[in-house]
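The values are calculated or read from the model by the stated rules, or taken from the named source; none is laboratory data. On a predicted model such as this, the values are computed, not experimentally measured, just so you know. Neighbour counts run over all protein chains shown; Cβ positions are idealised from the backbone, glycine included. What goes into the accessible areas is simple: the full protein's heavy atoms, side chains included, and nothing from ligands, DNA or RNA. Shrake-Rupley method; radii C 1.70, N 1.55, O 1.52, S 1.80 Å.
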Amino acid sequence: MSTRQSDSTDGFEEPDDDKLFRDRVRENPRPAAVWLAGLALLLLLEIGRVFAGVGQAFGIVGFTVELFASIPASVGDNVAGTLGGAAGFVATALTAVLIAFAITVPVSGSVPDAAVDILGLDLSRRGRRWAKRAELTFVLVAVAGLIAYTPVGGAFSALIGAITGGVDALASALPSITSRDLIANTGHRLPDGGWEGTFLGLSPAAAWAIRTGLVFAYATAFLVWLWRGFNVYRTHYRLADWTPRDDTVRRFRHNYWGLFGFVIVFLFVVLALWAPAVSPVEAQHNIYEPNAHEFQYLDENGEVTSTTHVFANLQSRSDGQNTIGPMSYDGYGRWAPLGTTNRGQDMMTHLSYGARTSLVIGVTAIGLGALIAVVLSLLSSYYKGITDIATVMASDTIQAVPALLLIMLVSVVFQEANHPIAQPLDGGLLLALIFAFAYWPGMWRAIRGPSLQVSEQEWVDAAKSYGQTPLQTMRKHMAPYIAGYILIYGSLLIGGVIISTAALTFLGLGINPPTPEWGRLINGGQSYISTSSWHVATIPGIAIVLVVIAFNALGDAIRDAIDPEADVDESEAATAGGGA
Amino acid sequence: MSRWEYFIKRLLLTVPVLFSVLTFLFIMLRTGPIDPVAARLGPQAGAADRQQLRERLGLNDPLWEQYVDFITDFITFNFGQSWVVQAERDILDIAVGAAPATLWLGFWAILLPLFIGIPLGFYAGLNPNTFGDYAASLGGIIWQALPNFWLCVIALAVLRRTREGGELLGINWYTLGPDFAARDISITGTPALEWFSTTDVLMLPMPYVSDWTALAIDIKLILPPALILGSASMAAELRIGRTAMLETVNSKFVETAKAKGLPSRVIVWKHIFRNAMIPLLPVITSEAFLLIGGSVIVEQIFNINGLGRIFFQSLTQGDLPMAGALLFLFTLIILGLNILQDFLYTVIDPRVGYDQ
């Protein structure tokens, strides 16, 4: 802000406006270096988890690539089934080329023109662009064919396997400050009253509290680091003393309702990201494979014996007759900060991993839906005419079907058929994709007005007449103006996605066990609300309410912060979470 | 473009939309990942049975012929018979039989929020930044974020508890009004809707209430689920009613009315109230979307044999043609409501429609 040291006196001779961000950092590297050192320190503390996260990211990328790679073959199979083998082969090849082409369009802009010049053709700008895309497509298809049909593929997958294996090995070998090995909270009572196997011999409750506290402290430190980065950029490296974004941030900081929402959303995200550290027992032991894992406890006779989780879970159910309530130990010395579920599993573990499920689904669904909405709104407002009408038709069709029922039908159809897409997260990915499919028309309608307005602006005409490609015009000159709107709608809709996911799982149509989900907890505890096991259905319900309120508050605050005068149609977004 | 032209254009646009919905259903049910024969016969059926059923369902016909058959069947409401849920019964019969319960639920789910949400919102807008305003707004925010299914579960538990002496505010839900405990009926279930008879007035049959107790029982059965089903709309009405009221109160014509020396009662009722209703209209009509989606959950938990519950049953029991037919009927309802909404706009608010 105004604290930026002003060196603009000599700016007349040498206007520093032309300097790139990189040059500005090079001139004054100290603040950036300090900030990056902070990042290094933070990452070092959690290095094991960082590698685990990288490994998971690899897994997701691998799954996506495999999914896309399997499309041509499955399309070909379908066509071959009705029209014969030759047609199937043609269809496979065509689909592969189409997918490759779709991938090249957004990236071809960043490929140097020299790639086309070697062809030695005399091309117009337009022709050059298409030639570049065709070239890239050819390369992509060739590489894909090489991997799919020749021995190169074997070497390639071996390489990938080696890399992912190395990352996984690093993830398990490197320490983290919040790991269970460092601060263990699973142990057994000793006959003389102490605890064996826990961190410093503390009680499991204390050890768990320390670990959880550490997680939240770490996450807060990370948040502070981010905020500091913004300030460093603002004071040292930004050219302008003031930009509208400063006002946005200032308005948000003074909106206490929005800050409340932000805090809850932050807690929710931390709970989801650090689910393995926050849960008192390992999910793998307690929920996924209770048969395969044993632990030790002090039995009634004062002897340390071992048992499996599946047996211990049976004895510690909260089902009206027995109750392991919040803040208590079960009969096997396992600490249950939120009590146990009706099946005897640990509620806190369920809650944190369920947060992970909700977050993954919400972010995937809204991210994908927003992407579709933005791309279509840009295309339809840029090209208008038939593109616009086709998009209107598609969105009207999807909106004419009641969203929740549409989601139910599609999810049942894919799950009954055991489609491979229904496997990840026990149906979670499928649900996210269906939500994206059902929710993009709403978002598209919401940003249609603004994007039509932007497309009429003079700077868009100017960009066109300067020969900018349609893609560049849309990305550079139109997209920034609708980004704010999509952010607002996205955060208002994400609460609706979380509620609907929980509702579907409650009905038994959404996410199948064993993947933890909040709706299933409520379903399991619904008969025990008026008994001593009231907590089973109440705690996840309150969690849903809090998270949804928080996302709504955050969305409202973002709207007010971006543009207090913005005329955002409330009725559409405001009712999004309803109906479930 | 005049506003009637706009209306007719919207009307015409519903035809292709209807066809694309049908196409979507066809793709999902016939060419989707699920095999209709396997879904109906189960995995252990013999090859001969399968072949026979394929022939009977017309699955061996060319795809385009199946498509044309599918579309004509749906357009003429010839949905065929249910497979599992109420086996061998006509789907249309089942739907018609289940519709009254859902309509009764929907009627109350629209009416209750109207008479709670809008007055509260207007109250909050007339007294901004007072304790009452904050209480109403906060209540609306929380009420909107409460998941319907969780509310249903909690409400049922609380209501059931009132029977065993754990009375809520001194009220025993079972004995309040028509006594359910004495009649030995459950507080959940399908309303019988047999409280009216018809009499001929000038040769026309006119319904009248013949059994007031039965009416009271039906209302009592439907009140909790309707209140929950309408919760999201109630919150939306409260919010938008408050904003609309605030905007109208601060507008120029209200200032003029005040300057004229009109009594505040007249200003509120004649000048503010009527203008603040305009932004609420779309909210009220769009409630139907929420009601249809939410009816599945609420009817399932409250044991009401309505359309939503039958849709849910047909999904969980693998009766996909029935699910598809019901979804198509719901779509028809929504398209009809869309047209109604456009019509109301065209008639009521001349500013809406063209220029877009």
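Values as computed for the structure displayed
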| item | result |
| --- | --- |
| Two-site FRET efficiency, B:Thr76 against B:Leu202, from Cβ-Cβ distance with R₀ of 60 Å, rounded to 0.05 | 0.95 |
| GluC sites (Glu not before Pro) restricted to DSSP loop in segment B:224-284 with at most 16 other C-beta within 10 Å | none |
| Segment A:91-198 - accessible surface per residue (Å², probe 1.4 Å) | 62 Å² |
| Sorted peptide list for B:199-211, B:314-326, criterion being average Cβ within 10 angstrom, highest first | B:314-326, B:199-211 |
| Area accessible to solvent at A:Phe260, 1.4 Å probe radius, in Å² | 80 Å² |
| Accessible surface of A:Val410 - all protein chains present, 1.4 Å probe, nearest 10 Å² | 10 Å² |
| Distance in nm between pseudo-label sites at B:Ala99 and A:Trp227 (7 Å out along the Cβ direction from Cα) | 5.9 nm |
| Given charges at beta-carbon only (K, R positive; D, E negative), |dipole| of segment B:100-318 in Debye | 780 debye |
| Additional length obtainable on full extension of the chain from A:Asn418 to A:Leu20, 0.36 nm per residue less Cα span | 138.0 nm |
| Residues of segment A:351-395: accessible area per residue with a 1.4 Å probe, Å² | 37 Å² |
| Cα pair distances exceeding 28 angstrom across segment B:1-142, given as percent | 53 percent |
| Above-threshold pairs, the threshold being 23 Å between Cα atoms, out of B:Lys9/B:Lys270; A:Lys384/B:Lys9; A:Lys132/A:Lys476; A:Lys132/A:Lys464; A:Lys384/A:Lys464 | B:Lys9/B:Lys270 |
| Nitroxide proxy distance, nm - points 7 Å out along Cα→Cβ at B:Asn127 and A:Leu123 | 7.2 nm |
| Backbone N within segment A:35-78 under 14 Å of label point (7 Å from A:Asp181 Cα along the Cβ vector) | A:46-52 |
| Crossing angle, helix B:212-229 versus chain B [Cα axis fit, 0-90 degrees, rounded to tens] | 90 degrees |
| Efficiency of FRET from Cβ geometry, A:Phe260 and A:Leu200, R₀ 35 Å, rounded to 0.05 | 0.45 |
| Spin-label model distance (nm) - B:Phe107 vs A:Ala240, 7 Å beyond Cα toward Cβ | 5.9 nm |
| Square roots of five times the Cα gyration tensor eigenvalues for segment A:298-429, Å | 50, 15, 13 |
| Area of B:Phe115 that stays accessible when all protein chains are in place (1.4 Å probe, Å², to 10) | 150 Å² |
| GluC sites (Glu not before Pro) within segment B:1-70: DSSP coil, no more than 15 neighbouring Cβ in 10 Å | none |
| Ratio of Rg to Rh over chain A (Cα coordinates, Kirkwood Rh, two decimals) | 1.00 |
| Accessible surface, 1.4 Å probe, highest first, among residues B:Asp73, A:Asp319 | B:Asp73, A:Asp319 |
| Theoretical FRET efficiency, 1/(1+(r/R0)^6), r = Cβ-Cβ of B:Arg274 and A:Thr531, R0 41 Å, to 0.05 | 0.20 |
| Percent accessible area from carbon and sulfur atoms, chain A, protein chains only, probe 1.4 Å | 64 percent |
